[in-house]
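K.L.:
First the structure, which I've put down as structure tokens, then a few questions once you've had a look.
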Amino acid sequence: MKHAFPRQRPGRITLDYRAQGEGWTLTVRDDGVGLPPDPSIAKPGLGAGIIRALARQLGAVIVVTDAEPGVRVSIVCAPPPFTRPERTSHGQQDPIPRPTGPGGRTAGGAGRPS
């Protein structure tokens, strides 16, 4: 907030969350001063580092756009990929696909969705 609204400049911050199936997007937008003309002069702070770490842990991507005025930052998390149904001990396919998390690990630890 100190960068978007310097010297106690008034402004608005909006949050939007949208879910589509198992994917979701969280967007934070402000109508502050916006992005610097030269991105190389911007120094990411602790908050940006926390957001990057969270997105990496969730397997999400961060999208930063100029909102003119202000900035829009979205964290976009796609639905997890599904693995191919496994064969049971009787040679039949398991009827319930097993969702996988980041790195191909089975989500939830139990191997079946709840």
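The values are calculated or read from the model by the stated rules, or taken from the named source; none is laboratory data. Model, not experiment: these values are computed from the prediction. Every residue, glycine among them, receives a Cβ derived from its backbone with ideal geometry; neighbour counts consider all protein chains shown.
K.L.:
Any idea which of (1) more than 13 Å from Ile75 (Cα to Cα); (2) touching a Leu at 6+ places or on another chain (Cβ under 8 Å) is the one Tyr17 doesn't satisfy?
P.N.:
Of the numbered conditions (1) more than 13 Å from Ile75 (Cα to Cα); (2) touching a Leu at 6+ places or on another chain (Cβ under 8 Å), the odd one out for Tyr17 is (1).
K.L.:
Can you name every residue in region 49-87 that is of a type in the set (Val, Ile, Thr), farther than 24 Å from Gly11 by Cβ and at pLDDT 90 or above?
P.N.:
Val61, Val76, listed by residue number.
K.L.:
Does Asp16 satisfy being without any contact (Cβ under 8 Å) to a residue 60 or more places away in the chain, out of contact with any Pro (no Cβ under 7 Å at 6 or more places or on another chain) and surrounded by 10 or more Cβ atoms within 10 Å (Cβ to Cβ)?
P.N.:
Considered against the rule, which asks whether it is without any contact (Cβ under 8 Å) to a residue 60 or more places away in the chain, out of contact with any Pro (no Cβ under 7 Å at 6 or more places or on another chain) and surrounded by 10 or more Cβ atoms within 10 Å (Cβ to Cβ), Asp16 comes out as yes.
K.L.:
Also: Across region 1-11, which residue is nearest to the chain's Cα centre (by Cα) among those that are surrounded by 11 or more Cβ atoms within 10 Å (Cβ to Cβ) and either of a type in the set (Gly, Ala, Ser) or more than 20 Å from Gly45 (Cβ to Cβ) (or both)?
P.N.:
Ala4
K.L.:
Quick check on Ala60: is it over 19 Å from Pro6 (Cβ atoms) and either touching a helix residue (DSSP H, G or I) at 6+ places or on another chain (Cβ under 7 Å) or without any contact (Cβ under 8 Å) to a residue 40 or more places away in the chain (or both)?
P.N.:
yes
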